[in-house]
Structure formats: C-alpha cells, structure tokens
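Heads up: the structure comes next, in structure tokens.
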Ligand code: GDP
Ligand code: MG
C-alpha cells in the first residue's frame with residue numbers, strides 16, 4: 001500500500017485536510033500553530049496510508065528546542081516514507097519564506113508532489129493560487145479543507161497517482 005504525506009508549515013490546514021480525506025475526525029485541528037507534533041496516520045478507502053505531519057518550523061521558546069528538532073525529524077521521516085507528498089499551503093496568507101524552504105526540500109527529495117492551496121473556500125478566491133505556481137509544482141489544486149470546495153478533485157487526483 002502506498003503512502004501519502006500531508007506536509008506544510010503549521011496552521012495551513014493539514015489536519016483539517018487529513019480529517020476530510022479520511023472522512024473521520026482523527027487529527028486535532030487547532031488555531032494554535034503547531035499543535036500536531038507527531039505523525040498521525042490512517043488508511044483511506046483501503047487504498048493508501050495517509051500521514052498527517054506537524055513539526056516543520058514550529059515556533060516555540062528555546063527550552064523546547066529539542067522537542068522542535070525531534071518533531072521536525074519526524075516530518076522528514078514521514079517524507080522519506082511517502083510515495084506521494086501533498087504539500088499544503090495557505091492561500092489566504094499567501095506564499096511565505098518557510099513555504100519556499102519546504103518546497104526546495106521537497107524538490108530535493110525527488111518525491112512526487114501535489115500542491116494543495118488550502119483555505120480557498122469558494123470559486124471567487126481562486127486567483128489566490130497564482131502566487132504559488134512559481135514554486136514549480138506541476139499539479140496543484142485550490143481547495144478548502146474546511147468547507148470542502150474542490151476537495152473531491154484533490155481526493156481523486158491522489159487516488160489516481162497512488
Ligand atoms: P495544521 O496546523 O496545518 O494541521 O492546521 P489545522 O488543520 O490545525 O488548521 C489550522 C486553522 O486553519 C484552523 O483554525 C482551521 O479551522 C483553519 N482552516 C483549515 N482549513 C481551512 C479552510 O479550508 N478554510 C478556512 N477558512 N480555514 C481553514
Ligand atoms: Mg495539524
């Protein structure tokens with residue numbers, strides 16, 4: 001069974017997307033950045049293993065530096081284990097430096113990547129995808145993990161690839 005990992009900086013909606021793709025509420029969704037510190041996994045439609053990750057670029061105080069390193073290491077292990085990466089970005093907040101850093105590492109990994117531009121809650125917001133196309137990923141979708149906009153298209157694309 002192939003493995004799909006949801007990867008991206010904190011608070012972009014990975015856990016919300018995980019729950020939507022899993023059609024279950026397993027991951028903890030929280031307004032506080034970096035709530036998912038370990039890796040959650042579930043099997044979707046008996047077809048692929050889906051990993052939710054949370055530890056890239058966590059911003060917490062220095063006492064927790066070791067925890068951050070451990071969490072980040074977990075994410076890179078999840079990326080290594082994955083056959084397909086769903087790279088999640090925040091279409092409302094726009095492209096950030098951390099998105100670019102993650103994108104570069106994903107390109108280096110040589111893994112197949114689908115870019116999910118999340119928080120595009122309706123058609124009228126689709127233009128917000130444009131600034132992410134420069135990241136160079138061929139396959140990208142505007143989606144709303146929270147409201148479901150376009151999420152079935154993303155779901156289908158993942159199922160076609162794995
Ligand atoms: P994670 O840190 O990447 O796992 O992000 P979460 O799934 O915990 O979501 C972070 C925040 O973004 C929560 O407040 C969610 O309600 C919100 N959020 C997630 N997806 C969407 C979306 O599609 N649209 C909007 N408007 N908000 C979203
Ligand atoms: Mg999360």
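The values are calculated or read from the model by the stated rules, or taken from the named source; none is laboratory data. Treat the numbers as computed from the prediction; the structure is a model and nothing was measured. Cβ atoms come from the backbone with ideal geometry, glycine included; neighbour counts cover every protein chain shown.
If only residues of the stretch 117-133 that are part of a helix (DSSP H, G or I) and in contact (Cβ under 8 Å) with a residue 12 or more places away in the chain are counted, the one that is nearest to ligand 1 (Cβ to nearest atom) is 125.
Keeping to the stretch 107-123, report how many residues are closer than 19 Å to residue 15 by Cα and in contact with a helix residue (DSSP H, G or I) (Cβ under 7 Å, 6 or more places away or on another chain). Give the derivation first.
In the first step, residues of the stretch 107-123 are kept if they are closer than 19 Å to residue 15 by Cα; the result is 113-121.
Now narrow it down to the ones that are in contact with a helix residue (DSSP H, G or I) (Cβ under 7 Å, 6 or more places away or on another chain): 113-118, 120.
Within the stretch 107-123, residues that are closer than 19 Å to residue 15 by Cα and in contact with a helix residue (DSSP H, G or I) (Cβ under 7 Å, 6 or more places away or on another chain) number 7.
Go through the stretch 136-162 and give me each residue that's assigned to a helix (DSSP H, G or I) and either surrounded by fewer than 20 Cβ atoms within 10 Å (Cβ to Cβ) or within 15 Å of ligand 1 (Cβ to nearest atom) (or both).
Hits for the stretch 136-162 are 151, 152, 153, 154, 155, 156, 157, 159, 160, 161.
Residues that are in a loop (DSSP other than H, G, I, E, B) and within 8 Å of the chain's Cα centre (by Cα) within the stretch 10-25 comprise 12, 13, listed in sequence order. State which residue is nearest to residue 99 (Cα to Cα) when the search covers only the stretch 38-57 and only residues that are within 11 Å of ligand 2 (Cβ to nearest atom) and modelled with pLDDT under 75. That would be 55. For the condition more than 16 Å from ligand 2 (Cβ to nearest atom) and surrounded by fewer than 20 Cβ atoms within 10 Å (Cβ to Cβ), residue 117 does not qualify. I'd like the full set of residues that are more than 6 Å from ligand 1 (Cβ to nearest atom) and at pLDDT 90 or above, limited to the stretch 9-37. Answer for the stretch 9-37, where residues must be more than 6 Å from ligand 1 (Cβ to nearest atom) and at pLDDT 90 or above: 9, 17, 18, 19, 20, 21, 22.
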